[in-house]
Each structure stands twice: as C-alpha cells, then as structure tokens.
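Engineer: Here's a structure for you.
The values are calculated or read from the model by the stated rules, or taken from the named source; none is laboratory data. Note that this is a predicted model, so its numbers are computed, not measured. In this analysis, Cβ positions are derived from the backbone assuming ideal geometry, glycine residues included, and neighbour counts consider all displayed protein chains. The accessibility values were calculated without ligands, DNA or RNA, using every heavy atom of the protein model including side chains. Shrake-Rupley method; radii C 1.70, N 1.55, O 1.52, S 1.80 Å.
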Amino acid sequence: MKDKAGAEGHFDDLETRSAGARAAWLAQELPKQVALARSLPGYAEALEDVEPEKVTTREALAALPVLRKSRIGHAQAADAPFGGYTTRAAHEFAHVFQSPGPIYEPGGDARDWWRMGRFLHGCGIGPGDIVQNCFGYHLTPAGMIFESGARAVGAAVLPAGTGQTELQVRAAVDVGTTAYAGTPDYLKAIIDKADEMGETLRIEKAAVGGGALFPSLRQFYAERGIACLQCYATADLGNIAYESAAQEGMIVDEHVVVEIVTPGTGDPVPDGEVGEVVVTTLNPDYPLIRFATGDLSAVLPGESPCGRTNMRIRGWMGRADQTTKIKGMFVRPEQVAALVARHDEIARARVVVTREGERDAMCVQVEAEGGEPAVFEASVAEVLKLRGAVEIVAPGSLPRDGIVIEDRRKYD
C-alpha cells in the first residue's frame, strides 16, 4: 500500500482502517484496558464505580475522571516508584526512567514499546539508514523512545545523546549517518558546526520532537536537502501523534485515544475548538486512562492526503494549565469549571485579569441567557475566593481558543 504523499508504504494496515473498523476494534480493546486499570491500586478510588464492559466508545470513555500527572506524583511519593499505576513491579521492566518532579516512568523492551516506529516510517526512515539519535539517554526516556522506534523500522542507531557538537559532526561524517533524531533546533547547530569544520553531512531525513519546529527552520533544512517532520510524544505516553509527508496536521497514533477537552474539566469540546489534550493508552503494561497532558491542541477535520485515516490534531498550541495569581491568590481552571457547573444558565466562562492603577482587577465574562449579575458575583467570590466584576455576554461570543483565564497584565 503506497503512501499518497510519497513515503514508501504505510507502517501497517491499521493506519488506513475505516472509521467503522477502528470503532469496532476500540469497542473490544477499551473495556479490557479499563478493567485492567480498575484492578490497579492507583485507580482504586477513581474507577471504583465504573463498569468496564460498558466503556466501549469514546463517548463512554469521556464519562470517566481525568487523571492528572500531579496525582501520579503524589501516589509515587507515597508508594515509590510507580504509585500503583502499572501492572508490574519495577524489576520486571526493562528500564525505569526519572523525569523532573521527580516522576518515574517504566520502559519495556517489547518491539516498539513506545510506538515511535510509525512516525519514523512516516519520515521515510528504514533499513539502510543510520539514525544519529541526539535525544538524551540519561535518566529521561527520550533517547530510548526514539532508539526503539529506529530498531522497529530496521534502521541502525548512533546513540549520540546531547551536546559535544564537534564530536557529533565527526561521528556523523565517519559513520555516515543518514537521519537525525532530536530536538528541532539542535540539528541546525550540527549543520553550522559541520560548515565551520569544512565537513559534508549525509543527513537527508530528520525526525524531531520536544520543541517547536518553526516554519523558517523547516525551510532551512529543506534548502539543505533534509526532509524534517515532527511528532508529539511524552515520557508517560510515548508517541501520541505525528506528521506524515503531507504535513497537514498530526495523525493520532493507532494505539491511543485522544480527546480535546475544556481545560479544568473532562468535557470534550467540538471539533476544531482548542482545548486540553487528554490521552488514553492501550498499553497493558502502563494503562493510563484519560491522562491529561496539560497541552492545548484542536482536532483538524477530515483525513490526511497521505491516506492515513485516523483523527488529526493541529499539534502543540500552548499549555492548558492557566493557573494565575490574582491579588495574591491562585485561580485555577478547575475553579472556573466549578463556577459554570453551579449555574444552569451559564454555558461557559472566562476570567480576564488586568491592572487598574497599580492593582489587579478581575472580570468574569459569562455566556448566559438571563441570570442576575449579583447572583453570579456572589458565586465568583465563593468559588474563586476573590471578588470581581461579572459581565454577561451573548452565547457563542467568547473565543473558542481553550483559554479560560486570560491574563492581560503587562510584565515588561
């Protein structure tokens, strides 16, 4: 099966399934994953009343509670290293990683455990390639995530890690690396150093992540004969979504379920609207159910021209954690969600923070048909723990940009 965008075939037939086939497969796999999670100590309270056999659709999944990374961190502090969220003991995994927090993540040695091979294949990387892997191998899992993906597509790996750019150039030239894996900007540092040293690189493909790939940087690589594509992955979840050669949004991986929800809640937003990325993995070793990434994105309607049929997202669009200090008090998206839930008349709300003179000022804009501003103001004071003005606006008038706390104060 040929990729319409020019890559040499698809990674597997899962990428081109019909929507019906994908939904039928999910109806089989999702109840098993929820049942597995429900049996783990970490989920004992959150999933206690859930009937796994009824969680067969995305709609049913959306009724389950959201799992936040802070909850895993608290659980790990009480029950190190994994806090009761895995099916194995630490010594039964191939690797144990540590991310800032600290948060500990397990790593398996099964083929393509983090599902990165699908992305590297989409980059055109495969047998005959040597990947210069410039992701870190020290404590955090990025290096191993990309190495396992390279091995899944039959490529060799130069485990370069980070830094020592002159040695990176020397190795790239001597070994003859043909592909790069790493952050978007570090490849340019290697290219610039190679130019300075008078060396010619053979790198023609780049698989990047962990930072923003700006259009100007992608164009720079294209002018050097390097096709650069990006993925969206995390240490907890592995690969979530990835670009194909079509470069029209990011295609969701076949073994995760991605939802876009209103920040501070677990409620899915309409397609095209910006919200927080929530992911459910179908990895039985580490069954994360409705894991909130804290990132913002939006669903991109339609299918990719490359022939892959899964849902697409627009990629990383900022952070969903909009917690803001106002008048010395923190206001969180969860509090704004609680305010909306308190009044049937309110469809959505947006906290706007400004400065009046040398003091913070807060206005809460609410989409509502009717209602008394004084009643809403009393709820604002009780739920947000701060007094502020309330502005009632027409339904549909607030921006659908994922922002529920807008800080307009100037800090420069």
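Engineer: Could you say which residue among Glu248, Glu254, Glu223 is acidic (Asp, Glu) and free of Cβ contacts under 8 Å to residues at least 12 places away in the same chain?
Structural biologist: Glu223
Engineer: Taking the condition of being within 26 Å of Ala394 (Cβ to Cβ), open to solvent by less than 20 Å² (accessible area, probe 1.4 Å) and among the hydrophobic types (A, V, I, L, M, F, W, C), how many residues in the range 303-354 meet it?
Structural biologist: So the count comes out to 10.
Engineer: Taking the range 329-354, which residues are part of a loop (DSSP other than H, G, I, E, B) and more than 25 Å from the chain's Cα centre (by Cα)?
Structural biologist: His343, Asp344, Glu345
Engineer: Same structure, new question: Taking the range 345-390 only, how many residues are free of Cβ contacts under 8 Å to residues at least 40 places away in the same chain and among the aliphatic types (A, V, I, L, M)?
Structural biologist: Here the count works out to 12.
Engineer: Something else about it: If a residue has to be assigned to a strand (DSSP E or B), surrounded by 22 or more Cβ atoms within 10 Å (Cβ to Cβ) and touching a helix residue (DSSP H, G or I) at 6+ places or on another chain (Cβ under 8 Å) to count, how many in the range 221-250 make the cut?
Structural biologist: 7
Engineer: Can you name every residue in the range 116-152 that is without any contact (Cβ under 8 Å) to a residue 60 or more places away in the chain and more than 21 Å from Leu201 (Cβ to Cβ)?
Structural biologist: If the condition is that a residue be without any contact (Cβ under 8 Å) to a residue 60 or more places away in the chain and more than 21 Å from Leu201 (Cβ to Cβ), then Gly136, Tyr137, His138, Leu139, Met144, Ser148, Arg151, Ala152 are the ones that fit.
Engineer: Of everything in the range 274-285, what is buried (at least 23 other Cβ atoms within 10 Å of the Cβ) and not in a strand (DSSP E or B)? Give them in sequence order. Steps first, please.
Structural biologist: Of the range 274-285, the ones buried (at least 23 other Cβ atoms within 10 Å of the Cβ) are 275-280.
Of everything in the range 274-285, nothing turns out to be buried (at least 23 other Cβ atoms within 10 Å of the Cβ) and not in a strand (DSSP E or B).
Engineer: Among the residues of the range 256-268, write down those that are within 23 Å of Gln33 (Cβ to Cβ) and open to solvent by less than 20 Å² (accessible area, probe 1.4 Å).
Structural biologist: Correct list: Val256, Val257, Val258, Glu259, Ile260, Val261, Gly266.
Engineer: Hey, could you check the range 39-52 for residues that are over 26 Å from Val269 (Cα atoms) and outside any loop (DSSP other than H, G, I, E, B) and say which is most open to solvent (accessible area, probe 1.4 Å)?
Structural biologist: Taking the candidates together, the pick is Pro41.
Engineer: Here is a list of conditions, (1) over 27 Å from Trp316 (Cα atoms); (2) open to solvent by 20 Å² or more (accessible area, probe 1.4 Å), and Gly210 meets all of them except one; can you say which number that is?
Structural biologist: Among (1) over 27 Å from Trp316 (Cα atoms); (2) open to solvent by 20 Å² or more (accessible area, probe 1.4 Å), Gly210 violates only (1).
Engineer: Would you say Leu167 is of a type in the set (A, V, I, L, M, F, W, C) and surrounded by fewer than 16 Cβ atoms within 10 Å (Cβ to Cβ)?
Structural biologist: Judged against the criteria, Leu167 is a match.
Engineer: While we're here: When residues of the range 355-381 are filtered for being assigned to a strand (DSSP E or B) and either farther than 18 Å from Lys327 by Cβ or open to solvent by less than 40 Å² (accessible area, probe 1.4 Å) (or both), how many remain? Step through it out loud before you land on a result.
Structural biologist: Just the residues of the range 355-381 that are assigned to a strand (DSSP E or B), to begin with: 355-356, 359-368.
If we keep only those that are either farther than 18 Å from Lys327 by Cβ or open to solvent by less than 40 Å² (accessible area, probe 1.4 Å) (or both) too, we end up with 360-368.
Residues in the range 355-381 being assigned to a strand (DSSP E or B) and either farther than 18 Å from Lys327 by Cβ or open to solvent by less than 40 Å² (accessible area, probe 1.4 Å) (or both): 9 in total.
Engineer: Another one. For the range 337-344, check the following and say yes or no: at least one residue is of a type in the set (Lys, Arg), out of contact with any Gly (no Cβ under 9 Å at 6 or more places or on another chain) and free of Cβ contacts under 8 Å to residues at least 40 places away in the same chain.
Structural biologist: Looking for residues that are of a type in the set (Lys, Arg), out of contact with any Gly (no Cβ under 9 Å at 6 or more places or on another chain) and free of Cβ contacts under 8 Å to residues at least 40 places away in the same chain, one finds none in the range 337-344, hence no.
Engineer: Counting only residues that are on the phi > 0 side of the Ramachandran plot and out of contact with any strand residue (DSSP E or B) (no Cβ under 9 Å at 6 or more places or on another chain), which one in the range 53-110 is least open to solvent (accessible area, probe 1.4 Å)? Steps first, please.
Structural biologist: Restricting attention to the range 53-110, the residues satisfying the condition of being on the phi > 0 side of the Ramachandran plot are 83-84, 101.
From what's left, out of contact with any strand residue (DSSP E or B) (no Cβ under 9 Å at 6 or more places or on another chain): 84, 101.
Numbers: Gly84: 16, Gly101: 78 Å².
Checked the range 53-110; the qualifying residue least open to solvent (accessible area, probe 1.4 Å) is Gly84.
Engineer: Tally the residues that are assigned to a strand (DSSP E or B) and either over 18 Å from Ala23 (Cα atoms) or at pLDDT below 90 (or both), restricting the search to the range 261-273. Before the answer, list the steps.
Structural biologist: The first filter runs over the range 261-273 and keeps only residues assigned to a strand (DSSP E or B), leaving 261, 268.
Next cut, either over 18 Å from Ala23 (Cα atoms) or at pLDDT below 90 (or both) only: 261.
The number of residues fulfilling the criteria is 1.
Engineer: Please go through the range 95-144 and pick out each residue that is of a type in the set (A, V, I, L, M, F, W, C) and either over 29 Å from Thr309 (Cα atoms) or part of a strand (DSSP E or B) (or both).
Structural biologist: The answer is Val96, Phe97, Ile103, Ile130, Val131, Cys134, Phe135, Leu139.
Engineer: What residue, of Asp185, Asp253, Asp271, Asp195, is under 28 Å from Arg290 (Cα atoms) and open to solvent by 20 Å² or more (accessible area, probe 1.4 Å)?
Structural biologist: Asp271 is the lone residue from the list that is under 28 Å from Arg290 (Cα atoms) and open to solvent by 20 Å² or more (accessible area, probe 1.4 Å).
Engineer: Here's something else I'd like to know. Please work out which one of (1) modelled with pLDDT of 95 or more; (2) surrounded by fewer than 19 Cβ atoms within 10 Å (Cβ to Cβ) is the condition Ser216 fails and give its number.
Structural biologist: Going through (1) modelled with pLDDT of 95 or more; (2) surrounded by fewer than 19 Cβ atoms within 10 Å (Cβ to Cβ) one by one, Ser216 breaks only (1).
Engineer: To continue, here is another question. I'm trying to understand the selection: among the residues of the range 15-62, which are aliphatic (A, V, I, L, M), out of contact with any Pro (no Cβ under 6 Å at 6 or more places or on another chain) and within 18 Å of Glu254 (Cα to Cα)?
Structural biologist: Matches in the range 15-62: Ala19, Ala21, Ala23, Ala24, Leu26, Ala27, Leu30, Leu61.
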